[in-house]
Amino acid sequence: MNYKTITNTLLGAVLSLALMLNAQAAEMDAESQATFDTVMAFMGAIGSGDMDTAVSLMADDMVWMNEGDSAMPWIGPWNGKDEILKFLPIFGANFKTTAWENTDAFALGDTVAVFGKMNGITTHSGKEIGEFAFALRAKVLDGKVVLWNWFEDSYAVSQAYHGK
């Protein structure tokens with residue numbers, strides 16, 4: 001038995017647990033809370049179709065970044081509010097969200113991270129994707145969203161889009 005490996009693993013686990021407990025106990029400062037509130041309001045507006053609110057929360061030079069299979073018409077980047085407003089109906093026509101749950105979300109300064117799980121159907125094939133994880137990194141400047149960097153199981157989404 002390798003005691004050094006066991007000891008290092010246990011110390012790593014204890015340190016991770018301590019950091020996690022400290023992170024959960026910490027209160028957000030005013031900037032972080034404002035950033036968090038802006039991102040959650042934007043997410044809610046987009047999800048409910050409240051485009052007036054969504055547009056009011058977007059910076060003119062906002063960047064929306066989706067990576068993945070370039071055959072899918074919603075893969076970005078989309079640069080600037082005007083381009084994003086052209087992209088959103090394309091996404092809405094091609095992807096129908098059927099389940100959404102944010103499981104973790106936090107902010108630090110101008111940055112928010114959101115993690116969760118979702119499901120959807122791609123209208124191109126009519127196939128359901130199956131539950132998959134997502135992550136979001138968003139940035140806020142002067143009360144406006146300037147970056148929406150979306151990460152998802154792009155392989156599963158692509159497979160469904162292509163009917164596989």
- Contacts under 7 angstrom Cβ, first residue in region 145-164 being over 17 Å from PHE115 (Cβ atoms), partner part of a helix (DSSP H, G or I) and at pLDDT 90 or above, 6 or more apart: VAL145/THR38; VAL145/VAL39; VAL145/PHE42
- Failed criterion for ALA105 (all others in (1) of a type outside the set (Lys, Arg); (2) loosely packed, with under 15 Cβ neighbours inside 10 Å; (3) in contact with a helix residue (DSSP H, G or I) (Cβ under 9 Å, 6 or more places away or on another chain); (4) under 19 Å from VAL39 (Cα atoms) hold): (2)
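Surrounded by 15 or more Cβ atoms within 10 Å (Cβ to Cβ) and at pLDDT below 95: which single residue out of MET58, MET62, MET28 fits that description?
MET28
Output yes when any residue across region 56-67 is in a loop (DSSP other than H, G, I, E, B), in contact (Cβ under 8 Å) with a residue 24 or more places away in the chain and not hydrophobic (A, V, I, L, M, F, W, C), and no when none is. Don't jump to the end; show me each part of the working.
Here is the first cut: in region 56-67, the ones in a loop (DSSP other than H, G, I, E, B) are 57, 67.
Keeping just the survivors that are in contact (Cβ under 8 Å) with a residue 24 or more places away in the chain gives 57, 67.
Filter once more, keeping what is not hydrophobic (A, V, I, L, M, F, W, C): 67.
Looking through region 56-67, at least one residue is in a loop (DSSP other than H, G, I, E, B), in contact (Cβ under 8 Å) with a residue 24 or more places away in the chain and not hydrophobic (A, V, I, L, M, F, W, C).
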- Task: Tell me, please, whether a residue that is under 15 Å from the mean Cα position of the chain (by Cα) and either part of a loop (DSSP other than H, G, I, E, B) or of a type in the set (A, V, I, L, M) (or both) can be found in region 90-97.
- Result: no
- Given (1) over 20 Å from ALA113 (Cβ atoms); (2) at pLDDT 95 or above; (3) surrounded by 15 or more Cβ atoms within 10 Å (Cβ to Cβ), index of the condition TRP78 fails: (2)
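Mind checking which residues of region 68-89 are in contact with a strand residue (DSSP E or B) (Cβ under 9 Å, 6 or more places away or on another chain), of a type outside the set (Val, Ile, Thr) and part of a helix (DSSP H, G or I)?
Looking only at region 68-89, we keep the residues that are in contact with a strand residue (DSSP E or B) (Cβ under 9 Å, 6 or more places away or on another chain), and these are 68, 72, 74-88.
Then drop every residue that is not of a type outside the set (Val, Ile, Thr), which leaves 68, 72, 74, 76-83, 85-88.
Hits for region 68-89 are LYS81, ASP82, GLU83, LEU85, LYS86, PHE87, LEU88.
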- Task: Go through (1) more than 16 Å from the chain's Cα centre (by Cα); (2) over 19 Å from ALA156 (Cα atoms); (3) not acidic (Asp, Glu) and name the single condition PRO77 misses.
- Result: (1)
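Could you pull out the residue among LYS127, LYS117, LYS96, LYS86 that is among the basic types (Lys, Arg), in contact (Cβ under 8 Å) with a residue 12 or more places away in the chain and within 20 Å of ALA54 (Cα to Cα)?
Values: LYS127 fails: within 20 Å of ALA54 (Cα to Cα); LYS117 fails: within 20 Å of ALA54 (Cα to Cα); LYS86 fails: in contact (Cβ under 8 Å) with a residue 12 or more places away in the chain.
Only one candidate passes the filter, namely LYS96.
This table checks each residue for (1) under 24 Å from SER32 (Cβ atoms); (2) charged (D, E, K, R); (3) in a helix (DSSP H, G or I).
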{"position": "ALA135", "(1), (2), (3)": "yes, no, no"}
{"position": "LYS139", "(1), (2), (3)": "yes, yes, no"}
{"position": "VAL146", "(1), (2), (3)": "yes, no, no"}
{"position": "GLN159", "(1), (2), (3)": "no, no, yes"}
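The values are calculated or read from the model by the stated rules, or taken from the named source; none is laboratory data. Small disclaimer: the values here were computed from a predicted structure and weren't measured. Quick reminder, even Gly has a Cβ in these numbers, built from the backbone with ideal geometry, and neighbours come from all protein chains shown.
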